Amino acid sequence: MALYVHKYGGTSMGSTERIKNVAMRVAKWHDAGYQVVVVPSAMSGETNRLIGLAKEIMAQPDPRELDMIASTGEQVSIGLLSMALLALGKQAVSYTGWQVPIKTDSAFTKARIQSIDDAKVRRDLDAGKIVIIAGFQGVDDNGNIATLGRGGSDTSAVAVAAALKAQECLIYTDVDGVYTTDPRVVSEARRLKTVTFEEMLEMASLGSKVLQIRSVEFAGNYRVPTRVLSSLTDPLIALEEEKNSGTLISFEEDTHMEQAVISGIAFNRDEAKITVLGVPDKPGIAYQILGPVADANIEVDMIIQNQSVEGKTDFTFTVPRGEYAKSMDVLDQHVKAHIGAGSISGDTKVSKVSVVGVGMRSHVGIASKMFRTLSEEGINILMISTSEIKISVLIDEKYMELAVRALHKAFGLENSEQ
Ligand code: ADP
Ligand code: ASP
Ligand code: MG
């Protein structure tokens, strides 16, 4: 019997009415003869509320205790959804991460899944039950609850689908697929019927929050067919129609050969830039600056080092905005005095905008078109980074939406056919 994993995000689980709709949709799949595992998120706003409570007690919450609190939103969701299914006459059972168990490492607030024990779940499925597993959470070797980072239920769902070798992982959300850019920012954004795994990976890593990046990594590593689709349609729409809706992440690169060079525009508001001024230009400096930052488990993204003048240079890099204060502390404590830097400055009002497309491999002139478009809008570029299939620029955050709209238009994304 084919097995499907369904994931429902916060908006989809946002009220008891919506949860009843989710139950109707899930029951429809089960009635059609499929085994179904459901991975819900907390009700919308709940995780923010819980983190807010923690911060009222401790400005920089202890990570283990924060996970203890933040993980509870999903526990409420799974119980409510299970009851909604029972009320429809279905057999259902809910499990938290530690009950499955979903084993993770101990990196609280950004833990990685290490393994999933499928025995209990399979036993329930074989007994005809619908199984509901809390997203966003797992348990480490010492029995501590650990969460997977914001948006982590996507990763839970794809990992569960991989462990159970599901036919497909269906990510139900509040938009009907992956768009050329966030449809809430550019109303002309167009839905993609398919997106290659590589493009999705870039878009997710560059800030398109429609999928958490680790879920895309899992989908790629385990070849999990994954589809993003709407939870806001009539829950009883025909199954065949639902199965073909949304956006499928494809593993075939040629699906994009005849298509637009650029598939999408991603952006990330949560960036911060740090410059270490007047560092001696000698071997080992990059390591001495970035080593302690990496040791503090902070991810560095863009990096530039200026030409040296009289043996001194400036070194600039970006970190997630939420890690800015911690990064500055690390630099003050471990780096400044040690390498004899002049001073350290920072800017937390910066954003990153990126154009993404596998077609870039075979086309030239994408970067110049991007830079021309930004210059025509009078937008100053602070940093640039490129890979084979993306170009990113760092700009003042107040121009971010303007940049995204201008680039979306310049690359003809609203018109291009899939
Ligand atoms: P969920 O709660 O279901 O996990 P998220 O808010 O995490 O939902 O992700 C869905 C949101 O992602 C959409 O509402 C949309 O605003 C945003 N988004 C950002 N980039 C894109 C994109 N390229 N395509 C579709 N949605 C996008
Ligand atoms: N509830 C968690 C969050 O808000 C996980 C998720 O929604 O995917 O980040
Ligand atoms: Mg999400």
Residues being surrounded by 19 or more Cβ atoms within 10 Å (Cβ to Cβ) and assigned to a helix (DSSP H, G or I) - total across the stretch 126-153:
1
Condition set under 20 Å from Phe251 (Cβ atoms) and part of a loop (DSSP other than H, G, I, E, B), scope the stretch 185-199, selection nearest to ligand 1 (Cβ to nearest atom): answer is Leu192
Considering (1) within 27 Å of Asp281 (Cα to Cα); (2) buried (at least 19 other Cβ atoms within 10 Å of the Cβ), say which one Ser343 fails and leave the rest.
(2)
Report those helices (runs of 4 or more DSSP H) wholly inside the stretch 330-412 carrying at least 1 residues which are modelled with pLDDT of 95 or more.
366-376, 400-410
Options Ser250, Ser208, Ser156, Ser231: the member that is surrounded by fewer than 21 Cβ atoms within 10 Å (Cβ to Cβ) and either within 30 Å of Met302 (Cβ to Cβ) or within 16 Å of ligand 2 (Cβ to nearest atom) (or both):
Ser250
In the stretch 160-184, what count of residues is obtained for those that are away from ligand 1 (no atom under 15 Å from the Cβ) and part of a loop (DSSP other than H, G, I, E, B)?
4
Looking for whichever is hydroxyl-bearing (Ser, Thr, Tyr), farther than 19 Å from Val38 by Cα and within 15 Å of ligand 3 (Cβ to nearest atom) here; the options are Ser208, Ser230. Which one fits?
Ser208
With the structure loaded, tell me whether Glu323 is at negative phi, of a type in the set (Asp, Glu) and either in a loop (DSSP other than H, G, I, E, B) or surrounded by 20 or more Cβ atoms within 10 Å (Cβ to Cβ) (or both) or whether it fails that test.
no
Screening Glu240, Glu199 for residues that are crowded, with 22+ Cβ neighbours inside 10 Å, away from ligand 3 (no atom under 16 Å from the Cβ) and either free of Cβ contacts under 8 Å to residues at least 24 places away in the same chain or not β-branched (Val, Ile, Thr) (or both) leaves only Glu199
If you take the residues in the stretch 9-27 that are more than 23 Å from the chain's Cα centre (by Cα) and among the small types (Gly, Ala, Ser), which one is farthest from Ala157 (Cα to Cα)?
Ser15
Test result for Leu248, closer than 18 Å to Asp174 by Cα, aliphatic (A, V, I, L, M) and in a loop (DSSP other than H, G, I, E, B):
no
Please state which of the following conditions Ala337 fails to meet, knowing it meets all the rest: (1) hydrophobic (A, V, I, L, M, F, W, C); (2) surrounded by fewer than 18 Cβ atoms within 10 Å (Cβ to Cβ); (3) in contact with an Asp or Glu (Cβ under 6 Å, 6 or more places away or on another chain).
(3)
Between residues in the stretch 29-40 that are over 25 Å from Gln75 (Cα atoms) and residues that are in a helix (DSSP H, G or I) and not polar (S, T, N, Q), which pairs lie under 6 Å by C-beta distance while being six or more apart or on different chains?
Ala32/Leu239
Counting only residues that are within 15 Å of ligand 2 (Cβ to nearest atom), among the small types (Gly, Ala, Ser) and surrounded by 23 or more Cβ atoms within 10 Å (Cβ to Cβ), the stretch 11-45 contains a total of 3
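The values are calculated or read from the model by the stated rules, or taken from the named source; none is laboratory data. For clarity, every value in this text was computed on a predicted model and none was experimentally measured. Ideal geometry is used to build each Cβ from the backbone, glycine not excepted, and the neighbour counts take in all protein chains shown.
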